[in-house]
Amino acid sequence: MTSYDEIFENNRLWVANKTAGDKAFFEKLAKEQNPDYLYIGCSDSRVPTNEILGLDAGEVFVHRNIANLVNSVDLNVMSVINYAVRHLSVKHIVVCGHYNCGGVKAAMQSADLGLLNPWLRNIRDVYRLHRQELDAIEEPNARFNRLVELNVQEQCINVIKTAAVQQSYVNKGYPVVHGWVYDLYTGNLIDLKIDFEGILHNIQEIYDLTGQGLMKKKDDQ
């Protein structure tokens, strides 16, 4: 049996496993989705979204691209965020990068990568914003890992800049944006402890799209 044929056998076994405990599993799943989470991650095949989160089908709305970027001119990711927030009413948005990310590594090279240049420029912009900190890290792999983390941080900020997220949070109190890194070497998820409310408060003077003025931080109220 080829690896291609094995996929369909694996699917058959998966269906059998799901319906063994609940014969109506797929019937209920087909009716609607009510995920609490939007996950924006990297396309890397070593990062299986549902598995690392321990969530089942229907529990996480997923968008993946090279190096987990949230670019305001990328209609794909902007549409995903808008739909997840306005229609699915997700409570949490997670931007998840991973160590040893090929996209981040490529952006650290002084090379013309053709079609990838405009995409990777977003990561190079992250390096430019944090150049002083990154250049002070002498060990190359440690610098690489830190850029992975900073890239997640900046993409979280890009999520927070969107109208859908700002308006929903002010009106409903959610979603909250989180930044994580997946460690390929251990399998662990690392919470970068992004200060969502603090970032939103700090950027609103320029990026406020709520029409309701600046949001006060809870500790300022």
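Applying the condition of being touching a residue at least 60 places away in the same chain (Cβ under 8 Å) and of a type in the set (A, V, I, L, M) to segment 10-52 and asking which residue is surrounded by the most Cβ atoms within 10 Å (Cβ to Cβ) yields I40.
Name the residues in segment 87-115 that are surrounded by 13 or more Cβ atoms within 10 Å (Cβ to Cβ) and either touching a Gly at 6+ places or on another chain (Cβ under 7 Å) or farther than 16 Å from D44 by Cα (or both), would you? Explain how you work it out, then say what you get.
To start, the set of residues in segment 87-115 that are surrounded by 13 or more Cβ atoms within 10 Å (Cβ to Cβ) comprises 88-108.
Listed by number, the residues that qualify are L88, S89, V90, K91, H92, I93, V94, V95, C96, M108.
Show the residue pairs meeting these rules: Cβ distance below 6 Å; 6+ apart or different chains; first residue within segment 177-194 and within 19 Å of A142 (Cβ to Cβ); second residue among the aromatic types (F, W, Y) and modelled with pLDDT of 95 or more. Listed by first residue and then by second, the contacts come to D183/Y99; L184/Y99.
If Y174 satisfies every condition in (1) of a type in the set (F, W, Y); (2) more than 30 Å from T210 (Cα to Cα); (3) outside any helix (DSSP H, G or I) but one, which is the exception? That leaves (2) as the condition not met. Applying a threshold of 8 Å to beta carbon distances and a minimum spacing of six or more residues, or different chains, the list of pairs starting in segment 75-102 at a residue that is in contact (Cβ under 8 Å) with a residue 24 or more places away in the chain and ending at one that is in a loop (DSSP other than H, G, I, E, B) and of a type in the set (K, R) reads H98/R46.
Would you mind stating whether I206 is out of contact with any Lys or Arg (no Cβ under 7 Å at 6 or more places or on another chain), at pLDDT 95 or above and not acidic (D, E)?
Values: out of contact with any Lys or Arg (no Cβ under 7 Å at 6 or more places or on another chain): yes; at pLDDT 95 or above: no; not acidic (D, E): yes.
In short, no.
Checked against (1) of a type in the set (A, V, I, L, M); (2) in a helix (DSSP H, G or I); (3) touching a strand residue (DSSP E or B) at 6+ places or on another chain (Cβ under 7 Å); (4) over 23 Å from P175 (Cα atoms), V77 passes all but a single condition, namely (4).
Quick one: in segment 122-141, of everything that is under 15 Å from G97 (Cα atoms) and either aliphatic (A, V, I, L, M) or in contact with a Gly (Cβ under 8 Å, 6 or more places away or on another chain) (or both), which residue is surrounded by the fewest Cβ atoms within 10 Å (Cβ to Cβ)? Steps first, please.
So in segment 122-141, the residues under 15 Å from G97 (Cα atoms) come out as 122-123, 126.
Narrowing the set further to residues that are either aliphatic (A, V, I, L, M) or in contact with a Gly (Cβ under 8 Å, 6 or more places away or on another chain) (or both) leaves 123, 126.
Working: I123: 25, V126: 23.
Checking each candidate, the answer is V126.
Would you mind telling me which numbered condition in (1) in a loop (DSSP other than H, G, I, E, B); (2) farther than 24 Å from I81 by Cα; (3) of a type in the set (D, E, K, R) D44 fails? That leaves (2) as the condition not met. Residues that are surrounded by 15 or more Cβ atoms within 10 Å (Cβ to Cβ) and assigned to a helix (DSSP H, G or I) within segment 178-202 comprise F196, E197, I199, L200, H201, N202, listed in sequence order.
Here is a yes/no grid of residues against (1) under 27 Å from L209 (Cα atoms); (2) in a loop (DSSP other than H, G, I, E, B):
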| site | (1), (2) |
| --- | --- |
| V73 | yes, yes |
| A106 | no, no |
| I123 | yes, no |
| R128 | yes, no |
| A142 | no, no |
| L147 | no, no |
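The values are calculated or read from the model by the stated rules, or taken from the named source; none is laboratory data. Please read all numbers here as calculations on a predicted model, not as lab measurements. Here Cβ is always computed from backbone atoms with ideal geometry, including for glycine, and neighbour counts include all displayed protein chains.
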